[in-house]
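Written out below as structure tokens is the structure these notes cover.
The values are calculated or read from the model by the stated rules, or taken from the named source; none is laboratory data. The structure displayed is predicted, hence computed values, not measured ones. For neighbour counting, all protein chains shown are included, and Cβ atoms are generated from backbone atoms with ideal geometry for every residue, glycine included. Calculation scope for accessible area: heavy atoms of the full protein, side chains included, ligands and nucleic acids excluded. Shrake-Rupley method; radii C 1.70, N 1.55, O 1.52, S 1.80 Å.
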Amino acid sequence: LAKTTQPISMDSYEGQEVNITCSHNNIATNDYITWYQQFPSQGPRFIIQGYKTKVTNEVASLFIPADRKSSTLSLPRVSLSDTAVYYCLVGNNDMRFGAGTRLTVKP
Amino acid sequence: ETGVTQTPRHLVMGMTNKKSLKCEQHLGHNAMYWYKQSAKKPLELMFVYNFKEQTENNSVPSRFSPECPNSSHLFLHLHTLQPEDSALYLCASSQGATVQETQYFGPGTRLLVL
């Protein structure tokens, strides 16, 4: 099971690009990388998922280097409403969420 | 709306009470989950059901008893709880029980045990 490591917290300002990196040194060949966002008192919400290289959707981009031992969630031009906890999940059968990264966006 | 509903949204119970949390998904998924989230703590996976069969129980105390009568419904029966069981209980569903399947979460039940 791939263990993930993320920064506990990050601060940013409105309009900036935020990059959150997740380390997963023991990622297996068939593991996907999935990111979720959670606001206080709500369930997590899927943001993006990838296997290799780069994935982009209307919310974020996910960059995965060739060795796949890390991944970076990129949030373009954040706003105050992007203040949340962001979780990186890696694996095939392990649904456990780690501590996540608490992002605080300031005005 | 995620297609996953939970009732009740809030619940206050004494330590001798028996109550049940209900989760229903309208997404046609085959896997359902119960998570617990205590204040300022990470999500804790409690139970996983896949095609109505329990596939994971993460050492959850027996005072929590799950029930999955069909792929659309999941219950969590509570009895003789402790104050430290106060938390947000989240239900989720996914097409299959693997990480690459997106999990859709319900709004949660905020439980307070007195």
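Heavy atoms only, probe 1.4 Å: what % of the accessible area of chain B goes to carbon and sulfur, would you let me know? In chain B, the share of accessible area belonging to carbon and sulfur is 50 percent. Phi angles across the stretch A:95-100 convert, under the Karplus curve 6.51 cos²θ - 1.76 cosθ + 1.60 with θ = phi - 60°, into 3J(HN,Hα) values of 8, 6, 8, x, 6, x Hz, Gly and Pro given as x. A 1.4 Å probe run over the protein assembly as shown, with the rest of the protein chains in place, finds 48 Å² accessible per residue. Give the carbon-plus-sulfur fraction of the accessible surface of chain A in %, rounded to a whole number; probe 1.4 Å, heavy atoms of protein chains only. With neighbouring chains kept in place, the figure for chain A is 50 percent.
In the stretch B:95-111, which residues become less accessible by 40 Å² or more once every protein chain is in place, relative to the chain on its own, using a 1.4 Å probe? At a threshold of 40 Å² (probe 1.4 Å), the residues of the stretch B:95-111 that become less exposed are B:VAL99, B:GLN100, B:THR102, B:GLN103, B:PHE105.
Annotation for B:VAL12 and A:ALA28: the two label points, set 7 Å from Cα along the Cα-Cβ direction, are 4.7 nm apart.
Indicate the gyration tensor shape class of chain B (rounded, prolate or oblate), computed on the Cα atoms with a ≥ b ≥ c the square roots of the eigenvalues: a/c under 1.5 is rounded; otherwise a/b larger than b/c is prolate and the rest oblate.
Prolate shape, in that a/c is at least 1.5 and a/b is the bigger ratio.
With R₀ fixed at 30 Å, the C-beta to C-beta distance from B:GLU67 to A:LYS3 puts the FRET efficiency at about 0.40.
Over the protein assembly as shown, all Cα pairs binned in 10 Å intervals from 0 give whole-percent P(r) values of 8, 33, 34, 19, 5, 0, listed from short to long.
Placing +1 on each Lys and Arg Cβ and -1 on each Asp and Glu Cβ, with no other charges, gives the stretch B:1-66 a dipole about its Cα centre of roughly 360 debye.
For A:THR34, A:THR5, give me the order by solvent-accessible area with a 1.4 Å probe, most accessible first, ignoring ligands, DNA and RNA.
From most accessible down to least: A:THR5, A:THR34.
For chain A, modelled as a Gaussian network with Cα springs under 10 Å, which listed residue fluctuates most, A:SER71, A:SER41, A:SER81? Ranking A:SER71, A:SER41, A:SER81 by mean-square fluctuation puts A:SER41 first.
What is the magnitude of the charge dipole of chain A about its Cα centre, with +1 placed on the Cβ of each Lys and Arg, -1 on the Cβ of each Asp and Glu, and no other charges, expressed in debye to the nearest 20?
180 debye
Putting +1 on Lys and Arg Cβ atoms and -1 on Asp and Glu Cβ atoms, find which of A:PHE63, A:SER81, A:ASN30 reaches farthest to the positive end of the dipole of chain A. Farthest towards the positive pole: A:ASN30.
Checking the a/c ratio against 1.5 first, then a/b against b/c, what shape does the Cα gyration tensor give for the stretch A:38-107? Since a/c reaches 1.5 but b/c is at least a/b, the shape of the stretch A:38-107 is classed as oblate. Considering only B:LEU76, B:ALA87, B:PRO61, the residue lying farthest towards the positive end of the dipole of the stretch B:29-94 is B:ALA87, judged by Cα position with unit charges set on Cβ. Per-residue shielding of B:49-56, expressed as the average number of other chain Cβ atoms within 10 Å of the residue Cβ, stands at 1. Magnitude of the charge dipole for the protein assembly as shown, about its Cα centre and with charges confined to Cβ atoms of Lys, Arg (+1) and Asp, Glu (-1), is about 320 debye. Averaged over the residues of A:35-44, the number of partner chain Cβ atoms lying within 10 Å of the residue Cβ comes to 5. Lysine pair count for the protein assembly as shown with Cα-Cα distance under 27 Å and sequence separation of 8 or more or different chains is 24. How would you classify the stretch A:1-61 from its alpha-carbon gyration tensor, with a ≥ b ≥ c the square roots of the eigenvalues: rounded for a/c under 1.5, else prolate if a/b is greater than b/c, otherwise oblate? Here the stretch A:1-61 falls in the prolate category.
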